[in-house]
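A.B. asks: One structure is given below, represented as C-alpha cells, and several questions about it will come after.
The values are calculated or read from the model by the stated rules, or taken from the named source; none is laboratory data. Since this is a predicted model, take the numbers as computed values, not measurements. So basically every Cβ, Gly included, is an ideal-geometry build from the backbone, and we count neighbours across all protein chains shown.
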Amino acid sequence: NAGVTQTPKFQVLKTGQSMTLQCAQDMNHNSMYWYRQDPGMGLRLIYYSASEGTTDKGEVPNGYNVSRLNKREFSLRLESAAPSQTSVYFCASSEGFHTDTQYFGPGTRLTVL
Amino acid sequence: GENVEQHPSTLSVQEGDSAVIKCTYSDSASNYFPWYKQELGKRPQLIIDIRSNVGEKKDQRIAVTLNKTAKHFSLHITETQPEDSAVYFCAAKGNNYGQNFVFGPGTRLSVLP
C-alpha cells in the first residue's frame, strides 16, 4: 500500500496563477483533509470531506476550492494564487471522521512569487 | 471553537533524560487527543493518542496523560535518544458536527548526545 500520495512535491507559481494539488489514498478511507503548515503555526485545516460526496470548510478556506472526485481522490485548487498562500500543504485521510487516526501524505511545498 | 496551546515551543534535553510537552485545550466537548511527530522535511506521523475515557496510555518509552477537569494533556518521553529529535504536535477533536482536528503550534525537541 502506498498510503496517501500527493502531487506535485514542489511548485512555484506567480501571483494570479492557478493550480490544483492532487491527493489520493489507497486505504479505503472515508474521510479526507487538506491542511496547510506555516512556521510556528502548526497545521491548519483548509477543507475536509467527511465522506464521499461531501465537502466542508475548515479553519482557513478562503482562496481555495476542493473536489472529492471519488472515494480515493481529493483535490485542492488555488484559483488565483497569492503570496500569502506560500506554505506546505498536507493531505490526510482517516477511516472515519470522528476521532480516527489521520494518515498524512508527504506534502507539497508551494511558493507563490 | 477549539483552541489548543502547547508548551514549550522548544525543548533541549540530554540523551537519556526525560522530556515532557504539555497541551491545553478549551472545548470541554473534545474527546480525542493524538500526538504527532514530524521529522525535518517529512510528514507528521501519529505516535500515540488518548481518548477521554482513559487518563493515561503508554507505549514503550512514550506515554500520554489526560486531565479532563483541567483540560490539559501531556506527552512524556523517557530515556530520550537522538532519533527522538523532531517537532511534536498535539491535537484535539470532538464528535460534534463542526468539531475538526485543531493542532497545537508544535514543540521542537532536540536531544543532545
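A.B. asks: From B:ALA70, B:ALA92, which residue is over 19 Å from A:TRP34 (Cα atoms), among the aliphatic types (A, V, I, L, M) and either modelled with pLDDT under 95 or part of a loop (DSSP other than H, G, I, E, B) (or both)? It would help to see each step written out before you state the result.
C.D. replies: Working: B:ALA92 fails: over 19 Å from A:TRP34 (Cα atoms).
Matching residue, one of B:ALA70, B:ALA92: B:ALA70.
A.B. asks: Please pick out the residue among A:GLU59, A:GLU95 that is more than 9 Å from chain B (Cβ to nearest Cβ), closer than 25 Å to B:ILE47 by Cβ, at pLDDT below 95 and over 11 Å from the mean Cα position of the chain (by Cα). Outline the logic, then answer.
C.D. replies: Details: A:GLU59 fails: more than 9 Å from chain B (Cβ to nearest Cβ).
When all the criteria are applied, what remains is A:GLU95.
A.B. asks: Let me ask something else. Is it the case that the stretch A:33-43 has a residue that's without any contact (Cβ under 8 Å) to a residue 40 or more places away in the chain, surrounded by 16 or more Cβ atoms within 10 Å (Cβ to Cβ) and either more than 11 Å from the chain's Cα centre (by Cα) or closer than 19 Å to B:PHE101 by Cα (or both)?
C.D. replies: Yes; the residues of the stretch A:33-43 include at least one that is without any contact (Cβ under 8 Å) to a residue 40 or more places away in the chain, surrounded by 16 or more Cβ atoms within 10 Å (Cβ to Cβ) and either more than 11 Å from the chain's Cα centre (by Cα) or closer than 19 Å to B:PHE101 by Cα (or both).
A.B. asks: Same structure, new question: Just to verify a result, which residue in the stretch B:46-64, among those that are loosely packed, with under 13 Cβ neighbours inside 10 Å and polar (S, T, N, Q), is nearest to the other protein chains (Cβ to nearest Cβ)?
C.D. replies: Restricting to residues being loosely packed, with under 13 Cβ neighbours inside 10 Å and polar (S, T, N, Q), the top hit is B:ASN53.
Table: residues versus (1) among the hydroxyl-bearing types (Ser, Thr, Tyr); (2) over 26 Å from A:SER87 (Cα atoms); (3) under 12 Å from the mean Cα position of the chain (by Cα).
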{"position": "B:GLU15", "(1), (2), (3)": "no, yes, no"}
{"position": "B:SER30", "(1), (2), (3)": "yes, yes, no"}
{"position": "B:GLY41", "(1), (2), (3)": "no, no, no"}
{"position": "B:ARG51", "(1), (2), (3)": "no, yes, no"}
{"position": "B:GLU56", "(1), (2), (3)": "no, yes, no"}
{"position": "B:GLN60", "(1), (2), (3)": "no, yes, no"}
{"position": "B:THR65", "(1), (2), (3)": "yes, yes, yes"}
{"position": "B:ILE77", "(1), (2), (3)": "no, yes, yes"}
{"position": "B:PRO82", "(1), (2), (3)": "no, yes, no"}
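A.B. asks: Kindly indicate which of A:ARG36, A:ARG77 is part of a strand (DSSP E or B) and within 27 Å of B:ASN3 (Cβ to Cβ).
C.D. replies: A:ARG36 is the lone residue from the list that is part of a strand (DSSP E or B) and within 27 Å of B:ASN3 (Cβ to Cβ).
A.B. asks: Which of the residues that make up the stretch A:80-113 are in a loop (DSSP other than H, G, I, E, B) and over 20 Å from B:GLY94 (Cβ atoms)?
C.D. replies: A:SER80, A:ALA81, A:ALA82, A:THR86, A:GLY105, A:PRO106, A:GLY107, A:LEU113, listed by residue number.
A.B. asks: Any chance you could count how many residues in the stretch B:7-25 are away from every other protein chain (no Cβ under 14 Å) and not in a strand (DSSP E or B)?
C.D. replies: Residues flagged as away from every other protein chain (no Cβ under 14 Å) and not in a strand (DSSP E or B) within the stretch B:7-25 amount to 4.
A.B. asks: Does any residue of the stretch A:72-81 turn out to be hydroxyl-bearing (Ser, Thr, Tyr), within 11 Å of the chain's Cα centre (by Cα) and more than 24 Å from B:GLU39 (Cα to Cα)?
C.D. replies: The answer is yes, given that some residue of the stretch A:72-81 is hydroxyl-bearing (Ser, Thr, Tyr), within 11 Å of the chain's Cα centre (by Cα) and more than 24 Å from B:GLU39 (Cα to Cα).
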